[in-house]
Amino acid sequence: MKNFTSLGVLAGLILAWVVITGCWELAVLCVVFATVGGLIGAHFDGRINLKEIGTNLVGKGQG
């Protein structure tokens, strides 16, 4: 089984590095991209269900 969580974090870090090359004030973007990549990877690994989390945040039956 592939470990998409680690790959997602790595992809987020690489993307963040490309975006913020040399700008230390925006280093927080590195953490944000890594977190988003990790969440997406964990979703594909089956560790978390982003659809269920989204439904719980928005609320059921609203709209």
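The values are calculated or read from the model by the stated rules, or taken from the named source; none is laboratory data. Computed from a predicted structure; not experimentally measured. Accessible surface areas use protein heavy atoms only, side chains included; no ligands, DNA or RNA. Shrake-Rupley method; radii C 1.70, N 1.55, O 1.52, S 1.80 Å.
A 1.4 Å probe, protein heavy atoms only, puts the accessible area of LEU15 near 90 Å².
If each residue of separation counts as 0.36 nm, what is the full-extension length gain between THR55 and VAL18 once their alpha-carbon separation is subtracted? Walk me through the numbers before you get to the answer.
Numbers: separation 37, 0.36 × 37 = 13.32 nm, distance 3.28 nm.
This chain segment gains 10.0 nm when fully extended.
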